[in-house]
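Below you'll find the structure, written out as structure tokens, and then a few comments.
The values are calculated or read from the model by the stated rules, or taken from the named source; none is laboratory data. None of these values were measured; they are calculated from a predicted model. When we count neighbours, we look across all protein chains shown, and the Cβ atoms used for this are built from the backbone with ideal geometry, even at glycine.
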């Protein structure tokens, strides 16, 4: 019998400086998105945060309550490549999970946690993946 288990990584990246905040949560639903935006708001309480997100249902959850310092900008439909964090996911899959099999969801989550922590500790790497020239130019203007 084949059993599938899932876990989900949420991430917010700052392409300008390579800052990265992540959480590993059990679902991709509105309640987990609420946990994530609340965490980002708390971690960056003195900053104004603009989160760029696609049109996934849990991003557009009508019950989502944004912290006072967090705003959301929705990407146009069918344009996930415009979201810098999508390229981070590509790199993560290619370099940390390529041809890997895990004995359990716990071992997968431990590996995912370490891979995300490595990104968080390497802002130059993260900026190199997500800080495209048009984003850097927009941030400096």
Give 19, 55 a once-over and let me know the one that is under 25 Å from residue 132 (Cβ atoms) and touching a residue at least 40 places away in the same chain (Cβ under 8 Å). 19
List the helices (runs of 4 or more DSSP H) inside region 39-141, counting only whole elements, that have at least 1 residues being at negative phi, modelled with pLDDT of 85 or more and loosely packed, with under 13 Cβ neighbours inside 10 Å. 84-96, 105-120, 123-130
Taking region 1-38 and the residues there that are in contact with a strand residue (DSSP E or B) (Cβ under 8 Å, 6 or more places away or on another chain) and part of a helix (DSSP H, G or I), the one that is surrounded by the fewest Cβ atoms within 10 Å (Cβ to Cβ) would be 35
